[in-house]
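Working notes, structure below.
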Amino acid sequence: MKFSENWLRTFVNPPFASRELADALTMSGLEVEGIESVAPAFDGVVVGEVLEVLKHPNADRLTVCRINTGAAPLQVVCGAPNARAGVRVALAQVGAKLPRMEIMRAKVRGVESGGMLCSAAELGISDDSGGLLLLPADAPIGADIRHYLELDDQLFTIKPTPNRGDCLSVFGVAREVTAITGSALIPVETSVQANIADQVDIAVEDKIACPRYCGRIVRGVNARAATPRWMVQRLERSGLRSISAIVDITNYVMLEFGQPLHAFDFAHVKGRIHVRRGRKDERVKLLNEQEIALDPGLLVIADDRKPLALAGIMGGMESAVTPVTRDILLESAFFDPAVIAGKSRLLGLGSESSFRFERGVDFAATRQAMERATRLVLDICGGNPGPVCDAGAVLPLRRPVRLRRARALRLLGIELSSAQISEVLHRLGFAFEEQGDEFVVTPPSYRFDLAIEEDLIEEVARIHGYDQIPAKQPTARVAMLPASETRVSAKALRRVMVMRDYQEIVSYSFVDRLWELDFCANSDAVTLINPIAAHCDVMRSSLLGSLVDCLKLNLSRQQERVRLFEIGRCFTRATSGYRQVMKLGGITYGQAVPEQWGVAKRRVDFYDVKSDLEALIAPGKARFERKQHPALHPGRAAHLTLNETQIGWVGELHPHLWQKYDLPFAPIAFELNLDEIARRTPVIYQEFSRQPQVQRDMAVEVAQNVSVQAMLDALKRGAPSIVFEVALFDVYRGKGIDSDKKSVAFRILLQDTLKTLTDAEVEAAQQRMLQVLQEQFQAKLRK
């Protein structure tokens, strides 16, 4: 939220400079993101009146103006198209220093010029350079332009946390400044007496969604009236443009008090006002010319015939105030934040009103804002106001909260007396009863965030001053924590991944629905009711989409070798409710090792990543079994099994996916169940045998479709006890082997723990293993 410091100081004026005030607000928890000047530094610019405009004798596009500055008239050559007699303008006198130049007496095409008439761009006020900056007709001639236009004003940009909707107004910020500094809050007179009896009949049909609705008729307004300069200035410095006097007044009061209002052209309101739910067969055209189909999830303001506006979001085009409007209906209401929250995003439109309503506005100030708006309408547009019609039901209860001094001292770690706590509560404007060292506090109507004791303790801390709380070194008993042998921490797994040259990413759990379809073939993803963005509408069931997206980002920044991993929660539907699983996923792309002279360049492949996963799971031994996965290449993918439990998958991204997502070639990706790979079977250490090992190699020919893993499993099951390791070391296809065959070579290690093996024992063991291969896979010994 942006606002003018001068406007703020009309409510509270502490003896603080701008930067000191910003620091005080930030230290109290209301972050000031930035302070900027309304205009850059310049001097020597005054208000002048154009007395006469003559054609330049030597230039078609220039004029010679005679300017009144309160002393002797000056002659100034001007090239602006809107220079005319009678207007008041900004005159930079000789010697004036503007943001980009210094004004000197000069001759322009042979004519003396004693200054320069300025545009808003030349003064640094705005980007408008199309003509002179025209001032109001009552601008005092000769006055310093900086003083007249309040150009020494500062613009504050604050970033309230979502729970502090009460600070989305200048008055709300002033209330905070009062509490922080102890300066007096200057009230605003808002009372208006009705002088006509006309009133609108209001029917609140959904009293839970709208506990309070105020309406007032004002007849005989001048909708063509000009918005005062001071109001236009404050609106523009808050980021809103001036539209028309009545619309500007509703926007001004919203910025001033945080209460959104709306003005209907009463000529287009037929019958009574209904606050009700939308109906499926209804539509309404909004002020932004967007036509919305209504449904029961949307709250509307309607008359007896049709909807007039989306409640708390935006008014309708048909009942909008126009220059010919004579009678208006002013609306000020309190809507339940839960009814408004998320609707703007759902409809693809946003408004200042919905931004405030969904955070909660002050339901006790609904009528006060109506009175303030009415007062401004009467002062600017004239008219005759009717009585305020105040309809509604039960307003939200403000339940008392007990604050114990002992509890506050324990949480804050500082000594505070009851008198100090009482003073803080008084400065905050809270109603409370003091009962010894306890306080029973009733939160005000504008503070929806105060519900428990800790909320009040936080208020005491921030008003007392976070910088007044000393930093103390914590003291605690240090003890060694037991380290489980049956489980590995996520931190340890991260360390392994980093040591394998991976970098960790952290991404959103909210993803695009298309990712779920592409990478998981999941058409029943967990859908979000209130997504943060249209492309983040479901919960992820896999980390792969985020990893591919991050890979694309790195490639767009000329990173040719990328190795990423993430540990995150994934979500799927369960029989009752939802299932949340922690997963570890990764993706590799580019060269297997960084470019260097000692190793030939080659792309990372399945077996590189397989070795990374084996290191991650060690000392566990995972089985890699060829399986299909919707996101992976049909012939280059495998599922991992550990202790007879499937724990994840690994493989090359499917060709149609890496082409669809504009990747030059396929990356290798994997995803594992974190809970499964974190389990460890305790390692049982045995004494090394003192007997010598015997190594034998055995190569056999088998059919191409025979699984090497199946051969290894069979050898390990059928091996004699003296065989303690069997490992694959070669697979060969080519010359000397039939085209439908392949050669598979195993290395066999044999050892007896008690004695040295004889040649006969070794030969018998080798024959036994060959027999297993012959019987189960029709293997033929290759010599």
Taking Cα atoms only, helix 759-777 is inclined relative to the longest principal axis of the chain by an angle, in degrees rounded to 10, of 60 degrees
What range in the chain is the longest one free of chymotrypsin sites (Phe, Trp or Tyr not before Pro) that are in a loop by DSSP and have at most 15 other Cβ atoms within 10 angstrom? 1-507
Within the set of other residues whose C-beta is less than 11 Å from the C-beta of Ala203, count the net charge using Lys and Arg as +1 and Asp and Glu as -1. -2
Dipole axis of the chain (+1 Lys, Arg; -1 Asp, Glu on Cβ), positive-most option in Ala41, Val772, Phe519: Val772
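Where a ≥ b ≥ c are the square roots of the eigenvalues of the C-alpha gyration tensor, would you call the range 591-636 rounded, which needs a/c under 1.5, or, failing that, prolate if a/b is larger than b/c, or oblate?
Here the range 591-636 falls in the oblate category.
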Helix 490-499 versus the longest principal axis of the chain: what angle, 0 to 90°, nearest 10, using Cα atoms? 80 degrees
For the range 413-472, size of Cβ-based charge dipole, Lys and Arg +1, Asp and Glu -1, in debye: 240 debye
Global size of the range 135-259 as Cα Rg and Dmax, reported in angstrom: 18.6, 59
Per DSSP, the loop-located GluC sites (Glu not before Pro) within the range 622-678 having at most 12 other beta carbons within 10 Å are Glu644
Relative contact order of the range 505-544: what whole-number percent is it, with Cα pairs under 8 angstrom and at least 6 residues apart? 48 percent
Which whole-number percentage describes the relative contact order of the chain, with Cα contacts under 8 Å and a sequence gap of 6 or more? 8 percent
Would you please classify the overall shape of the range 440-496 from the alpha carbon gyration tensor, given that a ≥ b ≥ c denote the square roots of the eigenvalues, rounded means a/c under 1.5, and beyond that prolate means a/b larger than b/c while oblate covers the rest? prolate
Starting from the exponent 0.38 and prefactor 2.2 Å, build the expected Rg for the range 453-526 from its residue count and divide its actual Cα Rg by it. 2.02
Distance between the C-alpha centers of the range 399-448 and the range 1-45? Whole Å please. 30 Å
For Leu329, the net charge from surrounding residues (Cβ-Cβ under 13 Å; K, R +1; D, E -1) works out to -1
Could you tell me the distance between the Cα centroids of the range 460-474 and the range 480-525, to the nearest Å? 38 Å
For Lys472, give me every one of the aspartates and glutamates with a C-alpha distance below 14 angstrom, ignoring sequence neighbours fewer than eight places off in its own chain. Glu415
Expressed as a whole percentage, what fraction of the accessible surface of the range 494-562 belongs to carbon and sulfur atoms when a 1.4 Å probe is rolled over the protein heavy atoms? 53 percent
Going toward the positive end of the dipole of the chain, with +1 on Lys and Arg Cβ and -1 on Asp and Glu Cβ, which of Pro531, Val361, Ile208 do you reach last? Pro531
Taking all protein chains as present, what is the carbon and sulfur share of the accessible area of the range 180-327, in % to the nearest whole number, probe 1.4 Å? 49 percent
Less than 11 Å Cβ to Cβ from Leu255, Lys/Arg counted +1 and Asp/Glu -1: what total charge do the surrounding residues give? +1
State whether the range 592-696 is rounded, prolate or oblate according to the following rule on the C-alpha gyration tensor (a ≥ b ≥ c being the square roots of its eigenvalues): a/c under 1.5 gives rounded; otherwise a/b larger than b/c gives prolate, and the remaining case gives oblate. oblate
Relative contact order of the range 290-415 (C-alpha contacts under 8 Å, at least 6 apart) in percent is 17 percent
What are the equivalent ellipsoid semi-axes of the range 67-206, built from the alpha-carbon gyration tensor (square roots of five times its eigenvalues), in whole angstrom, biggest first? 45, 23, 16
Based on the Cβ-Cβ distance from Gln693 to Val593, what FRET efficiency comes out when R0 is 30 Å, to the nearest 0.05? 0.40
If one compares the long axis through the Cα atoms of helix 170-181 with the longest principal axis of the Cα atoms of the chain, the angle in degrees, nearest 10, works out at 80 degrees
Using a 1.4 Å probe, how large is the accessible area of Ile35, given in Å² and rounded to the nearest 10? 40 Å²
Distance in nm between label sites at Gln580 and Tyr466, each 7 Å beyond Cα in the beta-carbon direction? 2.7 nm
Expressed in square angstrom to the nearest 10, the accessible area of Met27 with a 1.4 Å probe stands at 90 Å²
The range 367-427: Cα Rg divided by the 2.2 N^0.38 Å rule of thumb: 2.09
log10 of Debye I(q)/I(0), alpha-carbon scatterers only, for the range 372-489 at 0.14 Å⁻¹: -0.76
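Can you run the Rg to Rh ratio on the range 1-46? Use alpha carbon positions and the Kirkwood inverse-distance Rh. Write down the numbers at each step before the final one.
On the way: Rg = 12.7 Å, Rh = 12.3 Å.
Here the Rg-to-Rh quotient is 1.03.
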Reach of Lys159 by Cα under 25 Å, taken over lysines that are not fewer than 8 positions away in the same chain: Lys2, Lys343
Label-to-label distance, nm, for residues given as Ala137 and Thr753 (7 Å Cα→Cβ offset): 11.0 nm
Once the mean of 1/r over all distinct C-alpha pairs in the chain is inverted, the Kirkwood radius in Å reads 34.2 Å
Using a 1.4 Å probe on the protein heavy atoms only, what accessible surface does Val700 show? Give it in Å² to the nearest 10. 0 Å²
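The values are calculated or read from the model by the stated rules, or taken from the named source; none is laboratory data. Please read all numbers here as calculations on a predicted model, not as lab measurements. Every residue, glycine among them, receives a Cβ derived from its backbone with ideal geometry; neighbour counts consider all protein chains shown. When the accessible area is computed, the model is the full protein with side chains, heavy atoms only, and any ligands, DNA or RNA have been set aside. Shrake-Rupley method; radii C 1.70, N 1.55, O 1.52, S 1.80 Å.
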